[in-house]
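The values are calculated or read from the model by the stated rules, or taken from the named source; none is laboratory data. Note that the coordinates shown come from a computational prediction; the quantities given were computed from them, not determined experimentally. Backbone-built Cβ (ideal geometry, glycine too); neighbour counts: all protein chains shown.
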Amino acid sequence: MNKKLIYLDYAATTPVDKKVLKAMLPYFSEKFGNPMSLHSFGEFAKEATQKSRQQIASFLHCNLEEIIFTSGATESNNLAIKGIVKKYFFGKTKNLDTRCSMNKPHIITTVFEHHCVLNSLKFLEKSGQAEVTYLPVYKEGVVRAEDVKKAIKKNTILVSVMYVNNEIGTVQPIEEISKIVKNSREGAKTLYPIFHTDATQAINYFDCNVEKLGVDMLSLSGHKIYGPKGVGALYVRKGTPIEKTQDGGDQEGQKRAGTHNVPGIVGLGEAINQVKSQKSKVKNILSLRNYLIEKVLKEIKDVTLNGSKIKRSPNNANFTFKSVEGESLILMLDQLGIACSTGSACSSGSLKPSHVLMSLGIKTEESHGSIRITLGKYTTKKEMDYAIKTLENVIKKIRTISGDILKEF
Ligand code: PMP
């Protein structure tokens, strides 16, 4: 990479923090042991995974045994959802709970979850293992807690609502929903519904104290918090009826088989440990993001900000520009050294309109003119100024070209 690139896609992934990398390095070839081995090599590796577990547990305010290491948030979400359904069917034979005598279990979620949640649920629906209610998020991109309350049925075993949306950054009322779920459980004297949140995009910016939030399960990922890719965790409150979904060894309290990714786990612990000390950086990110939104809405014509302006992650801006094609905008910006995205990195390359933008009621044609700009702890004012100026120029150029073409017809 020769030319100076400005990275404004921190929601897709983040660079590994230097301190995190330093902590990880010895675990590749010096302290390379398998934490399940009984000898000293194993012992060193086990100490390291336990330290990371401690760091995560301290961040989430939970017990060590309530953390399951995974390969990332995709796996955490799959395990949370499919693991609860699997245990439900096991429980049915074991009389685990009165709700297990119901027929098909019911799950509540929102229309704009990450694809790893939505596709897990689609699989359960298709294979006849669950029925699912997808709640709306309205123009603001925020689910209403009262909608969750109305949707709970006798056979509801799981509610899964993301904490912060990855495309538009809107924040969901997790505490309110957890109160509703708890009340429903207590009223019916059952273990269900279980409440899960995908907090992948929330860890850097929001309180993730699981006691305060009141969630039973919480997913997170290393590479969104300046840690490595391919590692994540699932918090599972003690007593939650969950079954492993991958068969193999006895790792992670028999809840997730497979040799531990020790360097990754060390990196995840160190990354989460750093989040606490980065509060001052969040202020800076918020003020730069507000500056971006203000300037873009003022200087560029026919543009809208997608999702709530207030209930929003401090690093996210998502705009729709009228008469502009998002993909060409991204490519032109990239040529000029600015990296941002049309939506989530996982679905770029797909020509389908973003399910998140559609869920806000945005028309298909308009959704194609949308881009997501996400800031991070290394973003500077100088970069922001350059990005705003470039965006203005590129939009002008695209609109002039498409206007000229139209005139020719
Ligand atoms: N959930 C959300 C909200 C995300 O933003 C992402 C990453 N785009 C994931 C889940 C998947 O995380 P991972 O890349 O760790 O599998």
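Quick notes
- Residue count for the stretch 250-281, restricted to those that are buried (at least 23 other Cβ atoms within 10 Å of the Cβ), farther than 14 Å from Met36 by Cα and among the basic types (Lys, Arg): 0.
- Checking Gly227 against (1) closer than 30 Å to Phe319 by Cα; (2) touching a Ser or Thr at 6+ places or on another chain (Cβ under 7 Å); (3) not hydrophobic (A, V, I, L, M, F, W, C), the condition it does not meet: (2)
- Taking the stretch 1-82 as the region of interest, the helices (runs of 4 or more DSSP H) fully inside it that hold 1 or more residues being in contact (Cβ under 8 Å) with a residue 24 or more places away in the chain and within 16 Å of the ligand (Cβ to nearest atom) are 18-24, 40-60.
- Considering the stretch 155-175, and only residues there that are away from the ligand (no atom under 16 Å from the Cβ) and in contact with a Leu (Cβ under 9 Å, 6 or more places away or on another chain), the residue that is farthest from His106 (Cα to Cα) turns out to be Glu175.
- Among (1) within 23 Å of Gln274 (Cβ to Cβ); (2) not assigned by TED's automatic domain parsing to the domain that holds Ile225 - the single one Leu5 does not satisfy: (1)
- The C-beta contact set for the stretch 282-310 (first residue farther than 20 Å from Gln201 by Cα, second residue surrounded by fewer than 18 Cβ atoms within 10 Å (Cβ to Cβ) and among the basic types (Lys, Arg), distance under 7 angstrom, 6+ apart or interchain) comprises Asp302/Lys322.
- The residues on offer are Ala130, Ala145, and the sole one that is in contact with a Pro (Cβ under 7 Å, 6 or more places away or on another chain), more than 14 Å from the ligand (Cβ to nearest atom) and free of Cβ contacts under 8 Å to residues at least 40 places away in the same chain is Ala145.
- Of all residues in the stretch 328-344 being more than 16 Å from the ligand (Cβ to nearest atom) and either among the aromatic types (Phe, Trp, Tyr) or in contact (Cβ under 8 Å) with a residue 24 or more places away in the chain (or both), the one that is nearest to Asn166 (Cα to Cα): Ile330
- Listed by first and then second residue, the pairs with beta-carbon distance under 7 Å, at least 6 apart or on different chains, first residue in the stretch 199-216 and within 13 Å of the ligand (Cβ to nearest atom), second β-branched (Val, Ile, Thr) and in a loop (DSSP other than H, G, I, E, B), are Ile203/Ile225; Asn204/Ile225.
- For the stretch 187-198, taking the residues that are of a type outside the set (D, E, K, R) and surrounded by 24 or more Cβ atoms within 10 Å (Cβ to Cβ), the one that is nearest to the ligand (Cβ to nearest atom) is identified as Thr197.
- Residue among Ser178, Ser184, Ser221 that is within 24 Å of Val143 (Cα to Cα), within 16 Å of the ligand (Cβ to nearest atom) and among the polar types (S, T, N, Q): Ser221
- Residue in the stretch 232-248 that is surrounded by fewer than 19 Cβ atoms within 10 Å (Cβ to Cβ), on the phi > 0 side of the Ramachandran plot and either of a type in the set (Ser, Thr, Tyr) or assigned to a helix (DSSP H, G or I) (or both) present: no
- Selected residue [among the small types (Gly, Ala, Ser) and at positive phi] from Gly253, Gly264, Gly227, Gly326: Gly253
- Filtering the stretch 264-282 to residues that are modelled with pLDDT under 95 and in a helix (DSSP H, G or I) leaves Lys276, Lys279, Ser280, Lys281.
- Among the residues here, Lys139 qualifies as away from the ligand (no atom under 16 Å from the Cβ), within 21 Å of Arg372 (Cβ to Cβ) and at pLDDT 95 or above.
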